[in-house]
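Remarks on the structure that follows.
The values are calculated or read from the model by the stated rules, or taken from the named source; none is laboratory data. This structure is a prediction, so every number in the text was calculated from the model and none was measured. Counting neighbours? That spans all protein chains shown, and the Cβs are built from the backbone with ideal geometry, glycine included.
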Ligand code: TA6
């Protein structure tokens, strides 16, 4: 007789790093490393992995883990003078045993609260005092929710940019479409962040892409035809969305990324990049991402992303 596993289990992961496993009664699960406050796995109730994790991911500080959902804070990309994507993703977070209450009481059992506070070293790099609380919840339907609350506990304002740098696992990148970003303006990271306007159709992939879409809808659909699966990203407090695939050449240049890994991943990142977020002393910002993976047979219209995006 199999023993039912707890909804929240704290254990050791790769290289003995602390991790938390969340389990939902119907079988979906998620894994979070305290190193980086980093979700590295999200599985549906069939046990299928929904997030991409590089075959060469390095689980050793100071390198950020390649894949899953790295947290980019207090700087997205090279938008500032800190290291690429800031430093929250290569710091150790703690379990928050006494988080301030959320407006609505969660009935979910499979959740964990983490907290990140700057060290003396961090304060030298970025002289601001804040508390970064991150709640990771696995919903009854297997949806994955990440809610960040950043409170400025300093006597001076602080400004930052942010992203949930989500690596989605896809069957074949050339068979994937993204819906919800059509006709939007974007900054092209491959063209010195020059501003362009996206064409009218769904986005498909045949070469390297690194775009920051501005002021997007709160819902974006990623359709994986081959897997008959649609990822629906819902976001709050994060106006922008970054779409990234390194393709062949860049894939070869990254030591912690397999040469063919680019075929099986797509980053679609809920972000705040164009306009920095500024918090006065005592103020708190909230940024939320909700990921769902729904079976879709797009062709038969059983699940038309347009309906998803409007629903
Ligand atoms: O989010 C897209 C991006 O900013 C790309 O420019 C690419 O550099 C990617 O992030 C990965 O960055 P990383 O620092 O994790 O190698």
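When residues in the range 144-161 are screened for being in a strand (DSSP E or B) and either over 22 Å from the mean Cα position of the chain (by Cα) or surrounded by fewer than 22 Cβ atoms within 10 Å (Cβ to Cβ) (or both), 7 of them pass. Taken over the range 228-272, residues that are in a strand (DSSP E or B) and within 16 Å of the ligand (Cβ to nearest atom) amount to 16. Of the numbered criteria (1) in contact (Cβ under 8 Å) with a residue 12 or more places away in the chain; (2) within 16 Å of the ligand (Cβ to nearest atom); (3) under 19 Å from residue 272 (Cβ atoms), the one residue 84 fails is (1).
For the range 53-74, what are the residues that are away from the ligand (no atom under 11 Å from the Cβ) and surrounded by 22 or more Cβ atoms within 10 Å (Cβ to Cβ)? Answer for the range 53-74, where residues must be away from the ligand (no atom under 11 Å from the Cβ) and surrounded by 22 or more Cβ atoms within 10 Å (Cβ to Cβ): 68, 69, 71, 73, 74.
Taking each residue of the range 188-211 that is at positive phi and looking for partners that are within 14 Å of the ligand (Cβ to nearest atom) and in a strand (DSSP E or B) with beta-carbon atoms closer than 8 Å, six or more apart or interchain, yields 193/187; 193/212. Return yes or no: is residue 200 in a loop (DSSP other than H, G, I, E, B) and at pLDDT 95 or above? So residue 200 fails the test.
Report, by residue number, each residue of the range 217-229 that is out of contact with any helix residue (DSSP H, G or I) (no Cβ under 6 Å at 6 or more places or on another chain) and touching a residue at least 40 places away in the same chain (Cβ under 8 Å).
Passing the criteria: 217, 220, 222, 224, 227, 228, 229.
Taken as a whole, the range 130-137 holds no residue that is within 15 Å of the ligand (Cβ to nearest atom) and part of a strand (DSSP E or B). Of all residues in the range 203-227, those that are closer than 14 Å to residue 183 by Cβ, outside any strand (DSSP E or B) and within 16 Å of the ligand (Cβ to nearest atom) total 2.
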